[in-house]
Amino acid sequence: MTTATIPAPPAAAARRPLSAVSGAEIQAPLIQGGYVRYANLDYGASAPALSVVSAYLNEILPYYASVHRGAGYASQLSTSVYENARNIVRNFVGGRPDDSVIFTRNTTDSLNLLAGCLPVADGRHTGEVLYLDIEHHANLLPWQNVPHRSVVAAGTLAGTLARLRTELAHGGVSLLAVTGASNVTGEILPIRELASLAHEFGARIAVDAAQLAPHRRIDIAADDVDYLAFSGHKLYAPFGAGVLVGRPDWLDAGTPHLAGGGAVRDARLDTVSWTTGPARHEGGSPNVLGAAALARAAQVIEALDERQWHAHEDAIRSFLVEGLRRIDGVSVHHIFEDADQAEGPGTIGVVNFSVAGYDAGLVAAYLSAEHGIGLRDGRFCAHPLLKRLGLPAGSLRASFGLGSRIEDAQRLLAGLQELRRNGLGWDYVVDAGRWVPANDTRSYPHWAPNTPGTAGAAPCNTD
């Protein structure tokens, strides 16, 4: 079998990371022996921590204490860090002065919170939630427990907007829930147009920005977005915090997300008076370090030169897509024909593809074991979308960002080219639902399990 030559990379673009990240030079053991720099092409699942964020966390960690309830020095400092994080995040997304900023576990948690705050009258929801069939499960499953409708996205963004207009015109929709950028293909949706469309028919809009926030500037006031959710772990911030930003009226009237300490004005043995504001939904001791990490990452991203930021990512994506299309048997997948045109909203650093004749999980295991490359395989917690793309068993996703370099894409293309030319270089078996190398004798860090990553594989093949 013959394969085309890998394209030459741009002369200077993306030769080095745009920002330093933790773990950029870790060495991955190869199944055939030796080590190679780990090529992390799985930013869309969890991005590595920015080095600035890691340093900041080490600086504040000695002062970590419980917030809101302590008069002690450390508690007061932790409280100020936590509450100031709200202002930083509000500014980061262009929030309105009165927008609530509620810290959660992740985007999924944020949208579940919002689902509990949809307007109700006389014990019944006053409207339905409308969403597309391309959504991540975080922006799909929460709405299935309330009155809802779905719309099949068209093959173009223009056609999709027309379908949403038709559905909204039927009336009865209180919320349009959409993704800012597809976690499967990286295609960006026209948020400002969608917000205008929702408001034209008396609905509000919620945007799942888990993938958009790490790659593009967001201004919810300018775009007239009502609610925005995203996750710290995709925004180069570890410690598991997410956030929901948006108009306070629904949130102040909605069901408290976590019934517990801090969420109440007064509690008795069988009755309770709930507070309003973010505290209403943040019962219990909050994730101080998670919120601090998210806020610090937001500051770093906000300070980026936007043109340089986008050029870095676009150079890697363009090079990778061109190279994939040159390899026999490799297909690149997309939803919309017009997303990446000059007048379209564009794409982020996510590329979805498949290799003819190979299970996606097997390709991912091969690239990891034989080439030290990490990427994602499966259905990406977007099962309806994978079915409509004709990929019910899953596909592969390469994703990248501030710490990436064009060499990572070159490594991926070389590995795929070798696979198409020579086949697998090792035997692989399925263990706990995932492909792994047979007779794997590689050594791992002393703190790691003997066979990392093989247990508890989720059928969702998580994002």
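Taking H as built 1.01 Å from N, whose amide H comes closer than 5 Å to the amide H of Asp42, not counting residues under 5 places away?
Ser399
In degrees between 0 and 90, to the nearest 10, how far off the longest principal axis of the chain does helix 191-200 point, with axes built from Cα atoms?
40 degrees
Kirkwood Rh and Cα-based Rg: tell me the resulting Rg over Rh for the stretch 177-254, rounded to two decimals.
My calculation puts Rg/Rh at 0.98.
Which residues' amide hydrogens lie under 5 Å from the amide hydrogen of Ile205, considering only partners 5 or more residues apart or on another chain, with H built in the peptide plane?
Residues meeting the amide H criterion: Leu176, Asp226, Tyr227.
For the stretch 348-418, take the alpha-carbon Rg, divide it by the Kirkwood Rh, and send me Rg/Rh.
0.97
To the nearest 20 Debye, how big is the dipole of the chain about its Cα centre, given +1 on the beta carbon of each Lys and Arg and -1 on that of each Asp and Glu?
520 debye
Where does each of 381-392, 121-132 land if you order them by average Cβ count within 10 Å, highest first?
Highest mean packing first, the order is 381-392, 121-132.
Could you work out how far helix 306-326 tilts from the main Cα principal axis of the chain, as a 0 to 90 degree angle to the nearest 10?
So the inclination is approximately 40 degrees.
Amide H of Val264: which non-local residues (sequence gap of 5 or more, or other chain) have their own amide H closer than 5 Å, using H built in the peptide plane?
Thr275
May I ask for the angle, rounded to the nearest 10°, between helix 157-169 and the longest principal axis of the chain, with both axes built from Cα atoms and the value confined to 0 to 90°?
Relative to the chain, helix 157-169 is tipped by roughly 30 degrees.
Determine the gain in length on full extension of the stretch Thr271-Ala432; use 0.36 nm per residue of separation and subtract their C-alpha separation, reporting nm with one decimal.
Once the chain is fully extended between Thr271 and Ala432, it gains 53.3 nm.
Need one number: convex hull volume per residue for the stretch 216-258, Cα atoms only, in Å³.
On the way: hull volume 3.3 nm³, N = 43.
With only Cα atoms used, the stretch 216-258 gives 76 Å³ per residue.
Looking at the chain, send over the antiparallel percent of its DSSP beta bridges, to the nearest 5.
65 percent
Excluding ligands, DNA and RNA, what is the solvent-accessible area per residue of the stretch 187-321 at a probe of 1.4 Å, expressed in Å²? Let's see the in-between values first.
Values: 5080 Å² over 135 residues.
Averaged over the residues of the stretch 187-321, the accessible area is 38 Å².
Dividing the Cα convex hull volume of the stretch 300-370 by residue count, how many Å³ per residue is that?
140 Å³
Let me know the whole percent of all Cα-Cα pairs from the chain that are separated by more than 38 Å.
26 percent
How far apart, in nanometres, would the label points at Leu77 and Arg326 be if each is projected 7 angstrom from Cα along the Cα-to-Cβ direction?
It is 5.4 nm.
Go through the stretch 251-359 and name the trypsin sites (Lys or Arg not before Pro) that are in a DSSP coil and have 11 or fewer other Cβ atoms within 10 Å of their Cβ.
Here the trypsin sites (Lys or Arg not before Pro) that fit, given the DSSP loop and packing criteria, are Arg268.
What ranking do 367-379, 69-81 get when scored by the average of other Cβ atoms within 10 Å per residue, highest first?
Numbers: 367-379: 22.7, 69-81: 14.1.
Descending mean neighbour count gives 367-379, 69-81.
Roughly how many percent of the accessible protein surface of the chain is carbon and sulfur, given a 1.4 Å probe and a whole-percent answer?
Here carbon and sulfur together make up 51 percent of the probe-accessible area.
What full-extension length gain, to one decimal in nm, is calculated for Val120 and Ala303 as 0.36 nm per residue of separation minus the Cα-Cα distance?
Here the answer is 61.8 nm.
Can you give me the distance in nm between label points at Thr5 and Asp98, each placed 7 Å from the Cα along the Cα-to-Cβ direction?
6.4 nm
How much area per residue is accessible in the stretch 1-88 when the probe is 1.4 Å and only protein heavy atoms are counted (Å²)? Intermediate values should be presented prior to the final figure.
On the way: 4710 Å² over 88 residues.
Here the per-residue accessible area is 54 Å².
The values are calculated or read from the model by the stated rules, or taken from the named source; none is laboratory data. What you see is a predicted model; the values in this text were computed from it and never measured. All Cβ positions, even for glycine, are placed from backbone atoms using ideal geometry, and neighbour counts span all protein chains on display. Accessible surface is based on the protein model in full, side chains and every heavy atom, while ligands, DNA and RNA are left aside. Shrake-Rupley method; radii C 1.70, N 1.55, O 1.52, S 1.80 Å.
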